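A quick write-up on the structure given underneath.
The values are calculated or read from the model by the stated rules, or taken from the named source; none is laboratory data. For clarity, every value in this text was computed on a predicted model and none was experimentally measured. Methodologically, a virtual Cβ is constructed for each residue, glycine included, from the backbone with ideal geometry; neighbour enumeration extends over all protein chains shown. Accessible surface areas use protein heavy atoms only, side chains included; no ligands, DNA or RNA. Shrake-Rupley method; radii C 1.70, N 1.55, O 1.52, S 1.80 Å.
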Amino acid sequence: VKRIAVMTSGGDAAGMNPALRAVVRSAHYVGVEVFGLRRGFAGLCEGDFQELTPKTVSGILQRGGTILRTFRHPEFKEKQVRDAAAEIFHQKQVDGLIIIGGDGSFRGGHLIDAEWNVPVVGVPGTIDNDIPGTDYSIGYDTALNIAVDAVDKIRDTATSHGRIFVVEVMGRNSGMLAVATGLCCGAEEVIVPETPYNFDEIVHDIEQGYNRGKQHAIIIVAEGATSASAVIEQIRVRSTKETRMVVLGHVQRGGSPSAFDRILATRLGHAAVDRLLDGARGVMVGLKANEVVLTPLKKDRNKARAAVEYMLELHHSTR
Ligand code: ADP
């Protein structure tokens, strides 16, 4: 292996830059050249390569987002689009590809590995933390800390006014970020897509809380379950309490990566290079019980659900 490529894809996540930095520097350390593909699968299809040197990646360890940028490019699901991209890619004579991204990106990565005969290693980078094969994905810890900080602030005003606050957090189809936020903030209720919810029960529980002397109620809703505005509507037909909503939205994605995410990104970026040079392919590097482990890019997508259910149970029994 003399030359590898790296790209960031899917939703951006804090820690993608430290992961890129680790890939580039670890590769150079052992004499391997690195090319970055700009704009994810879109850049891959156009052959938008950029040489990355240890110097190119200096000063990015503490920066959110990704210097290679990212893009959604659903066209990559079409075989003829991939065939055309393969031709462009092969001209560069790259011996392996590292993809930093989420579930969707790994589906594309699996196809590249299988159809193009290019070894692909994935690095989990998404704030959603919904990828089986790793306890944590890069960006999750930072996003969670931002959400927790925001809800702590909201709680102050909720208490002062005795209001019900509905806070919508990101996570796409996963409730992990939402339930973890709820757990960290002692939210009264958490609504996630993984389990059914019932507004009569939710409002009943909240009213009981007020009767016991609570000064406020915080409901965390995962964007994958429903919207904050839909929850507000449901509460208003059942309660006369003042309600407000906050959609945290994209503030959760930005900002400087947390120390945890920097370490995770550095470990996984380094491991991706190390395993690729070792001959691994069609796999994702992940961290389980503090050890680097490999899982196939093509894997059982339902496993992430059990982790959310466990967190939900933990929230219910400690709220
Ligand atoms: P994430 O990687 O964060 O889950 P997406 O689901 O948006 O983000 O996927 C990122 C990109 O990966 C898509 O825009 C597309 O280019 C590629 N991709 C996603 N799913 C597939 C698929 N089934 N086949 C090929 N490419 C895919």
Enumerate the pairs (first residue in the stretch 231-260 and closer than 18 Å to P18 by Cα; second residue anywhere and among the polar types (S, T, N, Q) and assigned to a helix (DSSP H, G or I)) with beta-carbon separation below 6 Å, excluding pairs fewer than 6 apart on the same chain, so at least 6 apart or on different chains. P257/T142; S258/T142; S258/N145
Take G175 and tell me if it is within 15 Å of the ligand (Cβ to nearest atom), within 20 Å of the chain's Cα centre (by Cα) and open to solvent by less than 50 Å² (accessible area, probe 1.4 Å). no
In the set R82, R38, R72, the lone residue that is surrounded by fewer than 17 Cβ atoms within 10 Å (Cβ to Cβ) and basic (K, R) is R72
For the stretch 15-28, pairs from a residue that is at negative phi and of a type outside the set (G, A, S) to a residue that is surrounded by fewer than 24 Cβ atoms within 10 Å (Cβ to Cβ) and in a helix (DSSP H, G or I), with Cβ under 6 Å and 6 or more apart or across chains, are P18/R262; P18/T266
Write out, first by first residue and then by second, each pair whose Cβ atoms fall under 8 Å of each other, whose residues are 6+ apart or on separate chains, and whose first residue, in the stretch 40-53, is within 15 Å of the ligand (Cβ to nearest atom) while the second is part of a strand (DSSP E or B) and acidic (D, E). none
Could you grab the pairs with beta carbons closer than 7 Å, sequence gap of 6+ or different chains, first residue in the stretch 139-156 and open to solvent by 70 Å² or more (accessible area, probe 1.4 Å), second one not in a helix (DSSP H, G or I)? N145/S258
Checking I88 against (1) out of contact with any Cys (no Cβ under 9 Å at 6 or more places or on another chain); (2) away from the ligand (no atom under 13 Å from the Cβ), the condition it does not meet: (1)
Pairs, first in contact (Cβ under 8 Å) with a residue 60 or more places away in the chain and closer than 16 Å to E242 by Cβ in the stretch 207-230, second aliphatic (A, V, I, L, M) and open to solvent by 40 Å² or more (accessible area, probe 1.4 Å), C-beta under 6 Å, six or more apart: A228/M245; A228/V247
Q62 passes all but one of (1) in a loop (DSSP other than H, G, I, E, B); (2) open to solvent by less than 80 Å² (accessible area, probe 1.4 Å); (3) more than 14 Å from the ligand (Cβ to nearest atom); which number fails? (2)
Residue under question is Y136, and the condition is that it be within 11 Å of the chain's Cα centre (by Cα), over 20 Å from F35 (Cα atoms), open to solvent by 10 Å² or more (accessible area, probe 1.4 Å) and away from the ligand (no atom under 13 Å from the Cβ); does it hold? yes
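Here is a yes/no grid of residues against (1) modelled with pLDDT under 95; (2) of a type outside the set (S, T, N, Q); (3) in contact with a Pro (Cβ under 6 Å, 6 or more places away or on another chain); (4) outside any helix (DSSP H, G or I):
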| site | (1), (2), (3), (4) |
| --- | --- |
| T181 | no, no, no, no |
| A187 | no, yes, no, yes |
| P193 | no, yes, no, yes |
| V203 | no, yes, no, no |
| G213 | yes, yes, no, yes |
| A225 | no, yes, yes, yes |
| I235 | no, yes, no, no |
| S256 | no, no, no, yes |
| L264 | no, yes, no, no |
Can you tell me which of I112, I98, I67, I127 is in contact (Cβ under 8 Å) with a residue 12 or more places away in the chain, surrounded by fewer than 20 Cβ atoms within 10 Å (Cβ to Cβ) and more than 8 Å from the ligand (Cβ to nearest atom)? I67
Answer residue from the stretch 115-124, given it is within 13 Å of the ligand (Cβ to nearest atom) and out of contact with any Gly (no Cβ under 7 Å at 6 or more places or on another chain) and is least open to solvent (accessible area, probe 1.4 Å) among those: W116
